[in-house]
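Here the structure is laid out as structure tokens; the discussion comes afterwards.
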Amino acid sequence: KSIQILLDSLGKSFSLPILITQHIDTSFDKNMVSWLNRTVNIPTTLAKDGELLKSDCAYFAPAECHLTLKRVDEKVYIKLDKSEPINFLRPAVDKMFESASKLFGNGCLAVLLTGMGTDGTKGCKEIKKVGGYTIGESEETCVVFGMPKSAYDAGVIDEMLPLYEIGNRVKEITQRR
């Protein structure tokens, strides 16, 4: 539901690519994407290896695959891999954030939502190293305040916001950059 709320708040006019990694069961990823496509105005797809990243689409990491990026000439493509789990997780948010930080540098904006554990903390650190911006979901709206809290405690979150404010803040930041 958190992803649905965030995508819905970004609205139809949001024109940057969105990458989503969620720790999800293999039988649920396709259903999740299908449900999102019925309930939000941003086209959402299950990411495919080698797919060209388009600016008005949300890409959902398939279960059991890390979602990373690669640049060829001036174009950015999705790269899926089944390398070792990170902190017992595949897909891992850390792997996606680290990949995005290398390609987009200070233009990288990361949002870390509710979840258990520390996934996302190392990735946010990499984004901060290159001058990117990080937002964590605040405790008041988290179902589980593990992942955002871990990143916040590590000092790699620029701003903690309730879920219902994150979409507007993302739009403000991206319009300025």
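The values are calculated or read from the model by the stated rules, or taken from the named source; none is laboratory data. Please read all numbers here as calculations on a predicted model, not as lab measurements. Cβ atoms come from the backbone with ideal geometry, glycine included; neighbour counts cover every protein chain shown. Just the protein is used for accessible areas: all its heavy atoms, side chains included, with ligands, DNA and RNA removed. Shrake-Rupley method; radii C 1.70, N 1.55, O 1.52, S 1.80 Å.
Which is open to solvent by less than 20 Å² (accessible area, probe 1.4 Å), of a type in the set (A, V, I, L, M, F, W, C) and either at pLDDT 95 or above or farther than 23 Å from Lys128 by Cβ (or both), of Leu7, Leu103, Leu52? Give the derivation first.
Values: Leu103 fails: open to solvent by less than 20 Å² (accessible area, probe 1.4 Å); Leu52 fails: open to solvent by less than 20 Å² (accessible area, probe 1.4 Å).
It is Leu7.
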- Could you tell me which of the residues Leu67, Leu89, Leu6 is within 21 Å of Pro148 (Cβ to Cβ) and touching a Gly at 6+ places or on another chain (Cβ under 7 Å)? Leu6
- Message: If I ask for residues that are crowded, with 22+ Cβ neighbours inside 10 Å and either without any contact (Cβ under 8 Å) to a residue 60 or more places away in the chain or farther than 18 Å from Met96 by Cβ (or both), which ones from the stretch 110-148 would you list?
- Response: Ala110, Leu112, Gly120, Thr121, Gly123, Cys124, Ile127, Thr134, Ile135, Gly136, Met147, Pro148
- Just wondering, is there one or more residues in the stretch 64-72 that are hydrophobic (A, V, I, L, M, F, W, C), assigned to a helix (DSSP H, G or I) and open to solvent by 60 Å² or more (accessible area, probe 1.4 Å)? no
- Message: Any residue that is in contact (Cβ under 8 Å) with a residue 12 or more places away in the chain, of a type in the set (Ser, Thr, Tyr) and closer than 18 Å to Ala47 by Cα - is there at least one of those in the stretch 67-81?
- Response: yes
- Message: Anything in the stretch 16-33 that is open to solvent by less than 50 Å² (accessible area, probe 1.4 Å) and farther than 19 Å from Thr68 by Cβ? List them, or say none.
- Response: Met32
- Task: May I ask you to list the residues in the stretch 1-46 that are outside any helix (DSSP H, G or I) and polar (S, T, N, Q)?
- Result: Ser13, Ser15, Thr21, Gln22, Thr26, Ser27, Asn41, Thr44, Thr45
